[in-house]
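No lab work stands behind these numbers, since they all come straight from the coordinates. Keep in mind that this is a model prediction, so the values were computed, not measured. Here the Cβ is made from the backbone with ideal geometry for all residues, glycine too, and neighbour counts use every protein chain on show.
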Amino acid sequence: MPTNEPPRLRRERQAELYQRALKTLPGGTDSNFRAWGDDTIYVDRGQGGRVWDADGNEYIDLRMGYGPVLLGHGDARVDDYVNERMRRGVSFSLTSEDEVEAMELLKQLTGWVGKARMTVSGTEATMHAMRVARAYTGRSKIVKFEGQYHGVHDYALISVTPNDMADLGDAENPVGLAWGRGIPEAVGKTIIPARYNEMAVLRRIFERDGDDIAAIIVEPVLGNEQAIMPRPGFHQEMRALTKEFGALLIFDEVKTGFRFARGGAAEFFGITPDLATYAKAMGNGYPAAAFAGTDEVMSVLPDKVSHGGTYAGNRVAASAAVATLKILRDTEAIATVHAVGSAIQGELREVLNTRGLPHIFTGHPSMFGIMFTDTAPTEYRDWAKSDHDLYDAVAVGMHARGAMPEPDSREPWFFCEAHAREDIVDKVASIFSDSLDAALEARAGSARKDGHHVGLGTGNHVVSAAMHAGTDPD
Ligand SMILES: Cc1ncc(COP(=O)(O)O)c(C=O)c1O
């Protein structure tokens, strides 16, 4: 019997909602990523860095909607502005000053962007950026890295998130793996998979197919894989390689844009891409997104490339972007987010070191991951080598104790400005600590049952036994 049994979450109302929703929404949700079976969460409200589900359970929110809510839920500075602007009407399929101002702010913050256009989602933004790159270069192929997520259009769903790394093919010759059915083979063939941080593989790809490659699209960090960072020089080398072969570099800043720095990851890593996409964090959760590029590359619009959208630049999104980007420009909000993330990371490190557990923190203080491994991961394939079963158990155990990271060991924790006002650092650390102990205790219990000599207090052994199990992801 575990000594630190978590309080039970109330689930009655959500169980009802789940059964009801299943009759209408596939999986009971509007996105596959929220369909957690019987544990599917139905949210009631959020405020600042906290969220309440439909049964009234309260959590410190460490998902922040997968990143967009950079300031906090219900931020009055943004909401009041959006409210005021939306009363003038939201959708005209005409252009408002809000849109012009939002894209002017984006230019100002990034410094390198010449032209930009709004979309409603990150998916649309990456789809249009890829099309612009193809139109500008007259080439059809796009290089994309394994494990990187660029949304749910056909061109983005190649080699994203298999559990079995063998599906990705030989490490020297990765194969394109479509995520799910319905993606035409011909579309898949236009995407060339590469491995993040592996310059030799990338160079070989360019030497083989360089004449056909329009662009590399890259999340500057492996956002869908605990935010694994680039090796020193990786982005610079990639920038040089694309120039050498006349291809473009697309930074997908949907997660990093305005989170890493005012100018996004481009500023943080000192790289000037040719195109970039933004979404999360540019509207504090409102559906604002954009694709942007240099004047030269974006000059294919409007005459040579199709782009439109009834809701593109709608008043709600555009005014949310204006309010949010002004706050990011004029206040220390981004630095505050970094500080609270660093403080939490420091506390977690302490907890892990006390238990002697091998671990690596990945990513950036504003969105970091924890991998139970002693080898620094550099690419998606490294996830399989970490003890992700232990991570999953800890994350799920945290929910019951009042903090909500994503219960998938590939998704980083996200922080917002409001977290800094809410005195959550110690609370998150103690929830993490209790959940970790419970997970280790449960594992030691089952190992004892199976006759293995593993137990608490020998953290390293617990993990190495687990690492073995961890190579069989669920
Ligand atoms: C890096 C990246 N690109 C694109 C997308 C797609 O954005 P959206 O969900 O707004 O379509 C996401 C969403 O998680 C993302 O993280």
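Data table
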read-out	value
Relative contact order %, the stretch 122-238, counting alpha carbon pairs below 8 Å whose residues are six or more apart	32 percent
Protection-proxy order for peptides 281-288, 85-92, each taking the mean of Cβ atoms within 10 Å per residue, highest first	281-288, 85-92
Relative packing of 256-267, 370-381, which averages over residues the other C-beta atoms within 10 Å, highest first	256-267, 370-381
Karplus-derived 3J(HN,Hα), 6.51/-1.76/1.60, for each residue of the stretch 130-142, Hz, glycine and proline x	5, 5, 4, 4, 5, 5, 5, 8, x, 10, 10, 9, 10
Percent RCO, i.e. relative contact order, over the chain, from Cα pairs under 8 Å lying at least 6 residues apart	20 percent
Å³ per residue enclosed by the Cα convex hull of the chain	149 Å³
Helical mean residue ellipticity (222 nm; -39500 (n - 2.57) per DSSP H run of 4+; nearest 500) of the chain	-12000 deg cm²/dmol
Long-range amide H partners of Arg50 with built H, under 5 Å	Asp61, His73
Alpha-carbon spread of the stretch 1-92, three principal axes, descending order, Å	58, 34, 20
Members of Lys115/Lys141; Lys243/Lys385; Lys189/Lys280; Lys23/Lys189; Lys144/Lys385; Lys107/Lys243 lying beyond 27 Å, as alpha-carbon distances in this model show	Lys243/Lys385; Lys189/Lys280; Lys23/Lys189
Aspartates and glutamates whose Cα lies under 16 Å from that of Lys255, excluding same-chain neighbours fewer than 8 positions away	Glu124, Glu219, Glu225, Glu267, Glu406, Glu411, Glu417
Cα-based convex hull volume of the stretch 409-450 per residue, rounded to whole Å³	56 Å³
Cα-Cα pairs of the stretch 302-381 separated by more than 14 Å (percent)	76 percent
Local electrostatic count at Ala439 - Lys and Arg +1, Asp and Glu -1, tallied over other residues with Cβ under 14 Å	-4
